[in-house]
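A quick write-up on the structure given underneath.
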Amino acid sequence: MDIRQLTYFLGVAEELHFSRAAEKLFIVQPALSRQIQQLEEELGVLLFERDKRNVKLTAAGSYFRDEISRLQHQLTYITEQTRRIHQGAVGKIRMGHPGSALYSILPETLAMMHERFPDVNVQLTETTEIELMDALKNYEIDVGFTRDNNVNPRFSTELLFEEHFALVVPNDYPLNASNFEDISQCRTAEFILPKLNADIHYGKILHGIFEEKGFRPKVVYHSNYGATILRLVEKKLGLAVLPISYREGASALGVRFMKLPTVTQLYLIWRSDDNNSVLPHLREIAQAAVKKLSLDEL
C-alpha cells in the first residue's frame, strides 16, 4: 500500500465510476482497476461492489474512505507545516537585548515580525553585554542586539544604527540646552552608571566620555538596566549617561536629555553556523525597522 494507491482509491470512491476517475487521475482505466484490485488483495477486503453499470462502496470501503480522507488531510497539513518550518514561517527564535533596544528598534522589530510571521514565537531576554555573549555561547539565545562590535569568528554581526550618548539630568537641574557645553560641567556631580569593565567596547566608550574631559565620575549607584537608572535620576540620586534612544520612553519621567558628541552603535549578533530558518527573516526585519526610526534625532 502506498500514497499513490490511496489517491487512486479516493478518486474512484468520489466518482463511483472508473472511467471518470481515471480521466481525473490521468491514468488509463485498466491500470486504475489493477491498482484498486491490488489494494483490495493487500487489505484482504472488498472495497467496491461493481458490475457492468454500477460501482458502489462496501461498508468496509466507506469506512476506509472516511479514514483515508482524514489521514490525507492530516498529511497535507503536515506537508505544508514542514515546508513553512523550512521557510522560517513557523518556528521559534530566542532574542537577547539591552534595555536601550526597548526604546528604539525592538518594538518595531517585534511588531513587524508578528505581522509578517504570526506563527513564529519570539522569546525575549533582557541582558547585559557580558550576559548576552555568554548566552550566545551557551546556546541559551539565538540572536541579540549588542553594542559591542564582535571580532570572534564564531559570531556574525550586522550594524543596525548608531546614536549619540546623552547626559540625563532631573528636570530642575541647573544645566539645560541653553547653558550646557560639555560634561566637564558635571565634574563634581554624582553619577549613576552601568557597572562595565573598561575592556568591554561599550564600557570603554562610556569611560572615555569622562576621560576625554580629564576626570573620573563619582559613581554613587551602579545599574546595568537603563529603566532603573532613569528612575534614580528622576529621584535626584545622581546624573547618568545613556544612549539617547532612552529619551523615547522617558517622556513621562521628570528627566531631561542633553546630547553628547560621542556615539555608540547597535549591532545584531548571532552564531555564524546557526541554521535557524527564522534568523534570516529577523535580520531582514530588523534592518527594515531601522528605516522607521528617527535617526536624525538619535
Identity of the residue in segment 16-32, assigned to a helix (DSSP H, G or I) and in contact (Cβ under 8 Å) with a residue 24 or more places away in the chain, that ends up farthest from K56 (Cα to Cα)
L32
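From the residues in segment 251-274 that are among the aliphatic types (A, V, I, L, M) and in contact (Cβ under 8 Å) with a residue 40 or more places away in the chain, which one is most open to solvent (accessible area, probe 1.4 Å)?
Applying the filter and picking the extreme gives V263.
Here is a list: Y103, Y173. Which entry is touching a Phe, Trp or Tyr at 6+ places or on another chain (Cβ under 8 Å) and farther than 20 Å from D274 by Cβ?
That would be Y103, the only listed residue that is touching a Phe, Trp or Tyr at 6+ places or on another chain (Cβ under 8 Å) and farther than 20 Å from D274 by Cβ.
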What residue, among those in segment 79-94 that are β-branched (V, I, T) and open to solvent by less than 30 Å² (accessible area, probe 1.4 Å), is farthest from L268 (Cα to Cα)?
V90
Being in contact with a Pro (Cβ under 7 Å, 6 or more places away or on another chain), surrounded by 12 or more Cβ atoms within 10 Å (Cβ to Cβ), part of a helix (DSSP H, G or I) and at negative phi: is that true of S69 here?
no
Subset of segment 239-275 [aliphatic (A, V, I, L, M) and more than 30 Å from G88 (Cα to Cα)]:
L239, A240, V241, L242, I244, A250, A252, L253, V255, M258, L260, V263
On the basis of being touching a helix residue (DSSP H, G or I) at 6+ places or on another chain (Cβ under 8 Å) and without any contact (Cβ under 8 Å) to a residue 40 or more places away in the chain, does V12 make the cut?
no
If the Cβ limit is 7 Å and pairs must be 6+ apart or interchain, which residue in segment 148-167 that is open to solvent by less than 50 Å² (accessible area, probe 1.4 Å) pairs with which residue that is of a type in the set (G, A, S) and in a loop (DSSP other than H, G, I, E, B)?
F155/S272; S156/S272
Can you pull out every residue in segment 27-48 that is of a type in the set (D, E) and open to solvent by 80 Å² or more (accessible area, probe 1.4 Å)?
E41, E42
Pick from segment 95-112 the residues that are modelled with pLDDT under 95 and either open to solvent by 80 Å² or more (accessible area, probe 1.4 Å) or among the hydroxyl-bearing types (S, T, Y) (or both): which of them is nearest to F161 (Cα to Cα)?
S104
Matching residues, segment 150-204, being in a loop (DSSP other than H, G, I, E, B) and in contact with a Cys (Cβ under 8 Å, 6 or more places away or on another chain):
L175
If we ask which residues in segment 187-204 are within 18 Å of P243 (Cβ to Cβ) and in contact with a strand residue (DSSP E or B) (Cβ under 6 Å, 6 or more places away or on another chain), their number turns out to be 4
Of everything in segment 218-250 that's open to solvent by 20 Å² or more (accessible area, probe 1.4 Å), of a type outside the set (D, E, K, R) and assigned to a helix (DSSP H, G or I), which residue is farthest from T125 (Cα to Cα)?
L232
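The values are calculated or read from the model by the stated rules, or taken from the named source; none is laboratory data. Since we're looking at a predicted model, the values are computed, not measured. Please note: Cβ atoms are built from the backbone with ideal geometry, for glycine as well, and neighbour counts cover all protein chains shown. Side chains included, ligands, DNA and RNA excluded: accessible areas come from the protein's heavy atoms. Shrake-Rupley method; radii C 1.70, N 1.55, O 1.52, S 1.80 Å.
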